[in-house]
Amino acid sequence: MPSLAYHDTAWAGGYHRHMTDTKTEPATGSRSGGSTSTTADTRPYSPGLEGVIGAESAIGLVDGANGRLLYRGYPIGELVENGTYAAVADLLWTGEWHPDAGLAPEPVPGPVLTALRELPRDASPMDALRTAVSVWGAMQRLAFPPTPEDARALTAFSPSALAAFGRLRQGLEPVQPDRSLSLAGAFLQQLNGERPDAAAAKALEAYFIVAGEHGLNASTFTARVITATRSDLASAVCGAIGALKGPLHGGAPSEVVSQLHEIGSPERAEAWIKDTLDRGERLMGFGHRVYRAYDPRAAALRKVAEGMAGMADWLSLAVKVEDIALRVLAERHPDRVLKTNVEYYTAAVLQGVGLPPELYPATFGLARHAGWTAHAIEQAGANRLIRPDMRYTGPEERHLPD
Ligand code: COA
């Protein structure tokens, strides 16, 4: 009988909580995967698979209690300060640190451009990215198992495709990537049609590193599930983009931008924050499901934002609002640690490099290509079809009327 893998003590809490929460009358049919009668089905169920170990991985450690994020053992802050996205992606794919690893931007093949031109201009950029990867995959005929070379090719292509759509949606013609630039730099260059400011390219590169990998989140799990069927890497990434598109995952740093625009000045911050909380609403850019300490990604991006020229006024507002928000949240929720999350300073960095807010979620998807593809390679390396079981709650066997 297939069973879920319960390896750690977190499971026991999840088990008891969810079992006592579950009031559903068990049915007695035998349709739950064909073999299990639900009258006898006392196996634990964890909604959302919370607390269930769904994979073993050597790629990234999300240590929520201590506010640590490690890629292959290296702290995210060190990687942002000393690494490039090319080297960090290579580290995620291969497990080895090659500081000089390169990843030149790839041009968009004709059939992908044709597909992007056919899309409505107001299509979601996330849909455009998913479409581009799908067409690219149809051209590549990638085989199983996925390799670091496949991962490199896909990761180097997608920013060019999103930039092409970014121009088409404004009625502009796509431009070719400047292959002397980094992936993040060439993304800006292809979006704006000119060589980017070096500081902006570096700041976006830092964001790409910070957003590159984050454990078994919904989109990464999706990529692993698809890979586990022995499907190809482009299919896995299309599925992952679909999962990331949902507002519960892709996040909305653009909402942080709107929040700061509404607040307008530090003097108005405290009243605005208290009114928002009094209405039962949440402050964007604070709180996290896993982190109970300051999100290390927010810390790394804050440093980057502080180093960006032209950000002084906006950043000073963001920092003052953050201080007040942290104080008010601590007063309102003394028993719950609510700290700044990655979205808060992502908003600062993406706004600072001049990206339009509609492109924020898909840009997150570009950065996460490294993590998705690393997980696909790892899954394929020790593969087992991912096929959890379910508890059937429908009617007992019955028959159509004569
Ligand atoms: N602002 C105000 N209150 C918040 C809050 C926020 N940003 N985040 C959590 N809380 C409060 C909740 O109201 C709840 O209070 P209650 O127990 O009095 O009802 C308590 O903290 C626990 O919230 P819960 O929803 O159980 O926490 P979670 O771990 O499931 O939520 C998030 C995590 C990220 C969904 C949540 O913190 C949130 O909505 N943040 C704002 C959106 C955001 O920044 N998203 C980006 C995440 S990277």
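One table, with the values for the structure above:
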| item | result |
| --- | --- |
| Residue identified as surrounded by fewer than 15 Cβ atoms within 10 Å (Cβ to Cβ), in contact (Cβ under 8 Å) with a residue 40 or more places away in the chain and among the small types (Gly, Ala, Ser) among Ser265, Ser235 | Ser265 |
| Options Ile273, Ile241; residue that is touching a residue at least 60 places away in the same chain (Cβ under 8 Å), in contact with a Leu (Cβ under 7 Å, 6 or more places away or on another chain), more than 8 Å from the ligand (Cβ to nearest atom) and in a helix (DSSP H, G or I) | Ile241 |
| Hits in segment 248-270 - residues which are within 17 Å of Val328 (Cβ to Cβ) and within 8 Å of the ligand (Cβ to nearest atom) | Val256 |
| Unmet requirement for Asn217, which otherwise passes all of (1) over 12 Å from the mean Cα position of the chain (by Cα); (2) within 16 Å of the ligand (Cβ to nearest atom) | (1) |
| Residue pairs meeting the criteria (Cβ under 7 Å; at least 6 apart or on separate chains; first without any contact (Cβ under 8 Å) to a residue 12 or more places away in the chain, in segment 97-115; second of a type in the set (A, V, I, L, M, F, W, C) and buried (at least 17 other Cβ atoms within 10 Å of the Cβ)) | His98/Ala87 |
| Test set (1) more than 30 Å from Pro105 (Cα to Cα); (2) within 16 Å of the ligand (Cβ to nearest atom) - Tyr207 fails condition number | (1) |
| Residue in segment 286-294 that is within 27 Å of the chain's Cα centre (by Cα), within 14 Å of the ligand (Cβ to nearest atom), of a type in the set (D, E, K, R) and surrounded by fewer than 20 Cβ atoms within 10 Å (Cβ to Cβ) present | yes |
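Just so you know, all these numbers are worked out from the coordinates, no wet-lab data involved. All figures in this text were calculated on a predicted structure; none of them were measured in a lab. Note that we place each Cβ from the backbone using ideal geometry, even for glycine, and neighbour counts take in every protein chain shown.
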